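First the structure, in the form of structure tokens, and then the observations on it.
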Amino acid sequence: MYVLKRKTFPMSLMLASRNTSRKPLLYFDEQTGQNRPLRYATNQKSPFQDEQDGNAILEPIIFEDGLLTVPRNNQVLQKFLALHPENGVLYEEVDTKKDASEQIDWIYVQMDALNAARNLDLATKEAIGRILLGARVDKLSSEELNRDILLYARNNAKEFLDILDDPELRLRNIAAKALQEGLFLIKNNNRDIYFNFTENKKKLMGIPFGEDPVKLLMSYLQSDDGLELYKMIEKKLK
């Protein structure tokens, strides 16, 4: 069984089955150092054109709904498909053992992510909620937050585990929460970040087009100039 590698495919697709000047179909032979033309013929014993006689009967090779089934006794077509330049690019042979192994690995990743999400403390759940879910987690009930975190972990398992391993998770949460709580304001059509302290309403930094304000604020808080500000923000948010 062979399957097209495209996510979407036509109802039928005809695979090139012989070498032509318009569509070269060549296999590089390591032993001879030459490109050998390929041709699928139902009455020949070899897929190589130079090993076939002059009475070749050609037959189209058609994928139906993205699939092509080759009988076990059609060894020539199987070898032809193995040598075809589009093998691994346009289509691939179905490997049920490999597919099962990959599915098992993915299930294990999902299980790890769900177990990790289930055992998170509330502060970490809120941090992930602010960073990944884009929601004001302070307005969510604990049940709603737990549900959203678990759903995200199930549907985006690898990304979720990567975020948990991010040493900057706490810093990202502080920056996101500081913006949400109004310690900083984004003004001028999302072009600038301003302080919003009683004693300080000055501009902190500009926001380059397409940049994430949270990441910009994170970078500043990590700098030497922003270290004291980071400590002060932590106290205010507590």
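The values are calculated or read from the model by the stated rules, or taken from the named source; none is laboratory data. Please read these numbers as outputs of a predicted model, since none were measured by experiment. FYI the Cβ positions are ideal-geometry reconstructions off the backbone, even for glycines, and counts take in every protein chain you see.
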Name the single residue, out of those in region 135-194 being surrounded by 17 or more Cβ atoms within 10 Å (Cβ to Cβ) and of a type in the set (Lys, Arg), that is farthest from GLN110 (Cα to Cα).
-> LYS177
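Taking the condition at pLDDT 90 or above and in contact with an Asp or Glu (Cβ under 7 Å, 6 or more places away or on another chain), does LEU161 pass? Give the derivation first.
Numbers: at pLDDT 90 or above: yes; in contact with an Asp or Glu (Cβ under 7 Å, 6 or more places away or on another chain): yes.
Here the answer is yes, as LEU161 does meet what is asked.
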Pick from GLU30, GLU59: which is farther than 19 Å from VAL89 by Cα and surrounded by 11 or more Cβ atoms within 10 Å (Cβ to Cβ)?
-> GLU59
Subset of region 62-77 that is of a type outside the set (Gly, Ala, Ser) and buried (at least 16 other Cβ atoms within 10 Å of the Cβ) - its residue that is farthest from VAL3 (Cα to Cα) = VAL76
Give region 39-96 a look and list any residue that's in a loop (DSSP other than H, G, I, E, B), in contact with a helix residue (DSSP H, G or I) (Cβ under 9 Å, 6 or more places away or on another chain) and in contact (Cβ under 8 Å) with a residue 60 or more places away in the chain, or say none.
-> VAL70
Mind checking whether some residue in region 164-179 is assigned to a helix (DSSP H, G or I), farther than 17 Å from LEU216 by Cα and out of contact with any Lys or Arg (no Cβ under 8 Å at 6 or more places or on another chain)?
-> yes
Of everything in region 204-234 that's touching a residue at least 12 places away in the same chain (Cβ under 8 Å) and not in a helix (DSSP H, G or I), which residue is surrounded by the fewest Cβ atoms within 10 Å (Cβ to Cβ)?
-> GLY206
Could you please give the count of residues in region 189-203 that are under 17 Å from ALA176 (Cα atoms) and part of a strand (DSSP E or B)?
-> 5
